[in-house]
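Taking it in order: structure first as structure tokens, then the write-up.
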Amino acid sequence: SNVEIGAIDSIIMGLITKNFNIVKLTQNNQKLPQLFMESFSDVKNGEFLKNQIELFYWKGGHKKIESKIFTLAHGLICWGGYEMVKSLRQSLPIHCKLIEHGPKISIHIISLAYFNNKKIIYEEIIKDIITWNQTACSNSQNIFLEYGIDVNQFNKNLLNAYEKLKPAIVNISDDESVELLKDYHEGLYQEFLTGIKSFKRKGIQIQ
């Protein structure tokens, strides 16, 4: 599992289908699946459920470990992009079924009626956007607004909520900095075409 939520989704699917589960942890956050496992202690038959799951971490692509697991497994749940799926297909023995979960896109949808009649929880939307550090589809990547909503005002409210939360900003790589700069300039181009203002702050892009 290449992201934190993916590991939990894999555990749930494995339990529902009554399989014994070997779950590969992500390098970035190994604690969340462990906490999820501990929560079984609070439910009936929790110890039985815990005994159906083993959590492991190894560096992806470790041929010796993966070939052993693939030989023992009847099925493999994969969360990843094209290259990962292609690599796994080539590595799996004939008896092991590959269940693919390719790249996903997550969204918010805001209706005009909700915008006009409800107090939109902008801080909660910001938390959804940044909580998982823009990892895969674990957080909201797109927000769709119904026609008639003041997009500039909506964006400004989002930015104010972000600044109010003052989230910790992690160091980013040079490649990530380039991507952020590219997105910002694409936002400026869209601002020129549509008149909808693009906001930029360290760690977030709203356009």
- [ ] Taking 7 Å along the Cα-to-C-beta vector as the label spot, tell me the residue 65-residue 146 distance in nanometres, rounded to one decimal.
- [x] 4.9 nm
- [ ] Please name whichever of 143, 157, 167 sits farthest to the positive end of the charge dipole of the chain, dipole taken about the Cα centre and charges placed at Cβ: Lys and Arg +1, Asp and Glu -1.
- [x] 167
Open item on the list: Please compute the length gained on full extension between residue 35 and residue 156, using 0.36 nm multiplied by the number of residues separating them and subtracting their Cα-Cα distance.
Closed with: 39.9 nm
- [ ] For the chain, set up a Gaussian network in which alpha carbons nearer than 10 Å are linked by springs, and say which option among 117, 160, 19 fluctuates the most.
- [x] 117
- [ ] Hey, can you grab everything whose amide H is under 5 Å from the amide H of residue 106? Only 5+ residues off in sequence or another chain; H modelled, so Pro and N-termini drop out.
- [x] 141, 142
Task: Alpha-carbon centroids, the range 5-83 and the range 140-192: separation in whole Å - done: 34 Å
Task: Rh (Kirkwood; distinct C-alpha pairs) - the range 24-64, Å - done: 11.5 Å
TODO: Would you compute, from DSSP H runs of 4+ residues alone, the mean residue ellipticity of the chain at 222 nm, taking -39500 (n - 2.57) per run and dividing by the full residue count, rounded to the nearest 500?
DONE: -14000 deg cm²/dmol
Open item on the list: Which of 172, 105, 11 ends up with the largest GNM mean-square fluctuation for the chain, with Cα atoms connected below 10 Å?
Closed with: 172
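Could you size up the charge dipole of the chain around its Cα centre, putting +1 on the beta carbon of Lys and Arg and -1 on that of Asp and Glu, and report it in debye to the nearest 20?
Values: 24 positive and 22 negative charges, 82 e Å.
About 400 debye.
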- [ ] Work out the length of the dipole vector of the range 4-109 about its Cα centre, built from +1 on the beta-carbon of each Lys and Arg and -1 on the beta-carbon of each Asp and Glu, and round it to the nearest 20 debye.
- [x] 380 debye
Task: In Hz, Karplus ³J(HN,Hα) per residue of the range 64-71 (6.51, -1.76, 1.60; θ = phi - 60°; x = Gly, Pro) - done: 5, 5, 5, 5, 5, 5, 5, 5
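Give, in nm to one decimal, the length gained when the segment between residue 165 and residue 89 is fully stretched (0.36 nm per residue of separation minus the Cα-Cα distance). Can you show the working numbers first?
Values: separation 76, 0.36 × 76 = 27.36 nm, distance 4.34 nm.
Gain on stretching residue 165 to residue 89: 23.0 nm.
What Kirkwood hydrodynamic radius do you get for the range 1-99 when you take the inverse of the mean 1/r over all pairs of distinct Cα atoms, in Å?
Details: mean 1/r = 0.0708 Å⁻¹.
By the Kirkwood definition, the hydrodynamic radius is 14.1 Å.
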TODO: For the chain, with a Gaussian network of springs between Cα atoms less than 10 Å apart, report the residue from 50, 119, 18 with the top mean-square fluctuation.
DONE: 119
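At a 1.4 Å probe radius, which order do 48, 192, 36 fall into by accessible area, largest first?
Numbers: 48 130, 192 160, 36 50 Å².
Heavy-atom accessible area, descending, gives 192, 48, 36.
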- [ ] With everything on Cα atoms, drop me the angle between helix 174-194 and the longest principal axis of the chain, reported from 0 to 90° to the nearest 10.
- [x] 40 degrees
TODO: Using only the Cα atoms of the chain, each taken as one equal point scatterer with no solvent, compute I(q) by the Debye sum, divide by I(0), and report log10 of the ratio at q = 0.17 Å⁻¹.
DONE: -1.18
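The values are calculated or read from the model by the stated rules, or taken from the named source; none is laboratory data. What you see is a predicted model, and the numbers here were worked out from it, not measured in a lab. Heads up, the Cβs are rebuilt from the backbone with ideal geometry, glycines too, and the neighbour counts pull from every protein chain shown. These area figures cover heavy atoms from the full protein model, side chains too; ligands, DNA and RNA do not enter into them. Shrake-Rupley method; radii C 1.70, N 1.55, O 1.52, S 1.80 Å.
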